[in-house]
Ligand code: IPE
Ligand code: IPE
Ligand code: MG
């Protein structure tokens, strides 16, 4: 009988990857933690804990594969509507994970950024976010964007307000507003749009994630719940991505990079 060897499984799938067409920016809606915990006869919190260890593996593996930016949805602006015990558990978990992992992330040359409105968090937690960004800001190899209290609509409203203010103060004229200016005010202005969006747990929706930035991302949805997502599942997503024909509205396949440099909409 042949024994199951997960390492071999990863090697098999790795062979199918085109190393020259690795998505540079992957966004992930890490969904299904609660259901995983409950399905196991445990609590939703168990699912969140397991979700953190999965994220650690996926960060390491993404970096190894040559992905440059990983943007993960950790807490949405709508997640505050959950029972307060769950919200508090998640906030404590953020703090625990930051205390435990930030030095290791830094040792692995990973830059960590928090994307979202951080103002509703406690001063203590906000300071942890800032500290983590400061400790890792010089790292260049790989960026982990953690979307915390992030909402795509709220982000677009924030940009609209800033543009309105600039127009009123005379800094810009309304007619000068174009995609480039709009984009420069997004929370993700330092990054190219995601090439690939992965959503776990089978839900076929965006749930207010990166509404502007996902305009032309390839979407990969898997039924696997986030706590069961592993290196092999990431390879499957990338292989699927590499089979896509990215046309960006044209008729020929183009890379995101070349599209950006060839088109400029006013
Ligand atoms: C995703 O898992 C993590 C967060 C939203 C914080 P969920 O907690 O949404 O798990 P399900 O979707 O209820 O199973
Ligand atoms: C999206 O998952 C948010 C995060 C993964 C942090 P949700 O579980 O909140 O989304 P819905 O409620 O299924 O749309
Ligand atoms: Mg969910």
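The values are calculated or read from the model by the stated rules, or taken from the named source; none is laboratory data. Note that the coordinates shown come from a computational prediction; the quantities given were computed from them, not determined experimentally. Neighbour counts run over all protein chains shown; Cβ positions are idealised from the backbone, glycine included.
Of the residues that sit in segment 70-88 and are crowded, with 17+ Cβ neighbours inside 10 Å and under 18 Å from residue 129 (Cα atoms), which one is farthest from ligand 3 (Cβ to nearest atom)?
Among them, the one singled out is 70.
Checking the structure you have, find out if any residue of segment 15-32 is in contact with a helix residue (DSSP H, G or I) (Cβ under 9 Å, 6 or more places away or on another chain), within 15 Å of ligand 3 (Cβ to nearest atom), under 20 Å from residue 148 (Cα atoms) and not in a loop (DSSP other than H, G, I, E, B).
Looking through segment 15-32, at least one residue is in contact with a helix residue (DSSP H, G or I) (Cβ under 9 Å, 6 or more places away or on another chain), within 15 Å of ligand 3 (Cβ to nearest atom), under 20 Å from residue 148 (Cα atoms) and not in a loop (DSSP other than H, G, I, E, B).
Might you check whether a residue that is within 16 Å of ligand 1 (Cβ to nearest atom), at negative phi and in contact with a strand residue (DSSP E or B) (Cβ under 7 Å, 6 or more places away or on another chain) occurs anywhere in segment 176-198?
Among the residues of segment 176-198, at least one is within 16 Å of ligand 1 (Cβ to nearest atom), at negative phi and in contact with a strand residue (DSSP E or B) (Cβ under 7 Å, 6 or more places away or on another chain), which makes the answer yes.
If you scan segment 240-266, which residues turn out to be at pLDDT below 90 and closer than 15 Å to residue 197 by Cβ?
Result: 256, single match.
Residue 39 fails exactly one of the following numbered conditions: (1) farther than 22 Å from residue 100 by Cα; (2) surrounded by 20 or more Cβ atoms within 10 Å (Cβ to Cβ); (3) within 16 Å of ligand 3 (Cβ to nearest atom). What is the number of that condition?
Condition not satisfied by residue 39: (2).
Hey, residue 64 hits all of (1) exposed (fewer than 15 other Cβ atoms within 10 Å of the Cβ); (2) in contact with a helix residue (DSSP H, G or I) (Cβ under 8 Å, 6 or more places away or on another chain); (3) under 26 Å from residue 191 (Cβ atoms) but one; which does it fall short on?
Tallying (1) exposed (fewer than 15 other Cβ atoms within 10 Å of the Cβ); (2) in contact with a helix residue (DSSP H, G or I) (Cβ under 8 Å, 6 or more places away or on another chain); (3) under 26 Å from residue 191 (Cβ atoms), residue 64 fails exactly one: (2).
Restricting attention to segment 85-104, does a residue exist that is within 26 Å of residue 47 (Cα to Cα), outside any helix (DSSP H, G or I) and touching a residue at least 12 places away in the same chain (Cβ under 8 Å)?
No, segment 85-104 has no match at all.
Out of (1) buried (at least 19 other Cβ atoms within 10 Å of the Cβ); (2) under 22 Å from residue 108 (Cα atoms); (3) touching a residue at least 60 places away in the same chain (Cβ under 8 Å), what's the single condition that is false for residue 217?
(2)
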